[in-house]
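Worksheet: one structure, shown below.
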Amino acid sequence: MPLALYDTWSRSVRPFAPLQPEHVGLYCCGPTVYDYAHIGNLRTYVFEDVLRRVLMLNGYQVRHVVNITDVGHLVSDADEGEDKMEKGSRRTGQSAWAIAAHYTEAFQSDWRALNLLEPTAWPRATDHIPEQLEFIAELQRNGYTYQTSDGVYFDTTRQDDYGHLARLERAGLRAGKRVAMGEKRDACDFALWKFSPADSQRQMEWDSPWGRGFPGWHIECSAMSAKYLGPWFDIHCGGEDHVGVHHSNEIAQTQARHGTRLANFWMHGHFLTLDDKKMTKADGDFVRLQTLIDQGIDPLAYRYLCLTAHYRSTLRFTEEAIGGAQSALDRLRKAYASWPVGGTAHEDFVSRFNAEVNQDLNVPRALALLWELVRSDVPAATRRATVDHFDTVLGLRLDDWQAPVQQVPADIAALLASRQEARAAGDWAEADRLRNALRDQGWQVEDSADGQRWSRCEK
Ligand SMILES: [Zn+2]
């Protein structure tokens, strides 16, 4: 079954075809690095990782760009309030630059713990100020900007279809939106460039043709996606909260400069709720991946939990749910580790799995199929090879996991212990003899930087 994906722009699931043969450009809005990511933020990146893996399954080479927002994201989406970075700096007493470095590293560490594939590029907003200035200048030449005492704004009234992505009703929006307009001419207009306040010194600011200041949050994504993927690429992703403002504004800017709606497909991951409330950092008390790790939860159990819900449905996070995900993953690992290597994948299961994930990433159904396979009477080595195929999409690293030594049969554990002693004593001949003895018993051993790694194999 060919790949079909839900596109927020057309509000429909439609067949996916790349704009250039075999290559896919994928842009995902990244973190604003003023604080740790909460697990609700991370759910979106798990969805995007699964998308990328499914694209790869379909034979595409994916150019995957995730930006780092390290300037310009204001506390309120309505171009008011403080820059989140400068606010974070006040909260912690560190410089805005040190904060950005610290939380970028923390974010990328969560990224690796969740086994998300490394993006092709991680561009930072502060490294792309010239590209953003050039973009704004071009918008000005095209007549889409106006200047107020606090910045340069995008004039959304120039576009009849502004907000189409979110199906915004301009008239109703204007009447209903109770935002402080300041000198803005329309409630939907947004800042491209904000001037530094006259009465205080910003840490992050740059010269521009309009005055010293800093870029708006939306222009960063339009400028960097165009630089790395071109102004018309395949898929743009983000959280569902981006549809109404951030992504609508990215599209408005790109249409005004390049005449495209930026991406052929717009895809959005839905929220994770905690006690039936959307998790936000504004509440102060939020759950991080590290919070789970401190409670003995494996980060990949959180990944497993994300896989149990379709990306377009809300996922309720509860203690029972994450506990259930951890025990399901444990059961799966144990079963997998008990199967010998050397089989070939089961054709029918593989094609059913591919059909499920190709139908707008129906991963919950693919997981159900995985459990059907685990419980089936398909030969164990075949099950293992088939699950290896599934795991290229699920990303649970089943092949990397090894049973704790307590779960290995006692005679095998004794052989492993003797081999470890032989290695420590530098007796390589004895270590090799024990490796062969283990192989005769159906266990293979490899040596890694962390010591011996063992798994089942064919005798
Ligand atoms: Zn963005």
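The values are calculated or read from the model by the stated rules, or taken from the named source; none is laboratory data. Since the model is a prediction, treat every value here as computed from it, not as a measurement. With ideal geometry, Cβ positions are generated from the backbone for all residues, glycine too; neighbour counts draw on all protein chains shown. We work out accessible area using only protein heavy atoms, side chains counted, and drop any ligands, DNA or RNA first. Shrake-Rupley method; radii C 1.70, N 1.55, O 1.52, S 1.80 Å.
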Of all residues in the stretch 113-148, which are under 21 Å from Arg63 (Cα atoms) and aliphatic (A, V, I, L, M)? Leu114, Leu116, Leu117, Ala121, Ala125
Between Val13, Val71, Val24, which is more than 16 Å from the ligand (Cβ to nearest atom), crowded, with 18+ Cβ neighbours inside 10 Å and either closer than 22 Å to Phe353 by Cα or of a type in the set (Val, Ile, Thr) (or both)? Val24
Determine the pairs where a residue that is within 12 Å of the ligand (Cβ to nearest atom), located within the stretch 246-257, has a partner that is open to solvent by less than 10 Å² (accessible area, probe 1.4 Å) and of a type in the set (Val, Ile, Thr) with Cβ atoms under 7 Å apart, the partner being 6 or more residues away or on another chain. Gln253/Ile219
Report the residue count in the stretch 1-10 for those that are within 16 Å of the ligand (Cβ to nearest atom) and within 22 Å of Val363 (Cα to Cα). 1
Among residues of the stretch 78-108 being in a helix (DSSP H, G or I) and open to solvent by 50 Å² or more (accessible area, probe 1.4 Å), the residue modelled with the highest pLDDT is Glu105
Looking only at the stretch 214-243, filter to residues that are over 16 Å from Leu74 (Cα atoms) and among the small types (Gly, Ala, Ser); which one of those is nearest to the ligand (Cβ to nearest atom)? Gly238
So Thr308, is it among the hydroxyl-bearing types (Ser, Thr, Tyr) and at pLDDT 95 or above: yes
Of everything in the stretch 110-145, what is in contact (Cβ under 8 Å) with a residue 40 or more places away in the chain, at negative phi and outside any helix (DSSP H, G or I)? Give them in sequence order. Leu114, Leu116, Leu117, Pro119, Thr120, Ala121, Trp122, Pro123, Arg124, Asn142, Tyr144, Thr145
Which listed residue is open to solvent by less than 20 Å² (accessible area, probe 1.4 Å) and either of a type in the set (Phe, Trp, Tyr) or touching a helix residue (DSSP H, G or I) at 6+ places or on another chain (Cβ under 9 Å) (or both), from Ala321, Ala325: Ala325
Test result for Gly211, away from the ligand (no atom under 16 Å from the Cβ) and touching a Phe, Trp or Tyr at 6+ places or on another chain (Cβ under 9 Å): yes
Give the residue that is farthest from Tyr103 (Cα to Cα), with candidates limited to residues of the stretch 44-56 that are open to solvent by 10 Å² or more (accessible area, probe 1.4 Å) and not aromatic (Phe, Trp, Tyr). Met56
Can you tell me which residue among Gly30, Gly59 is outside any helix (DSSP H, G or I), surrounded by fewer than 21 Cβ atoms within 10 Å (Cβ to Cβ) and at pLDDT 95 or above? Gly59
Can you pull out every residue in the stretch 328-357 that is at pLDDT below 95, within 13 Å of Thr382 (Cβ to Cβ) and open to solvent by 40 Å² or more (accessible area, probe 1.4 Å)? Val341, Gly342
Scan the stretch 278-286 and tell me whether some residue there is in a helix (DSSP H, G or I), crowded, with 20+ Cβ neighbours inside 10 Å and in contact with a helix residue (DSSP H, G or I) (Cβ under 9 Å, 6 or more places away or on another chain). no
Any chance the stretch 35-55 includes a residue that's within 16 Å of the ligand (Cβ to nearest atom), in contact (Cβ under 8 Å) with a residue 60 or more places away in the chain and within 30 Å of Ser149 (Cβ to Cβ)? no
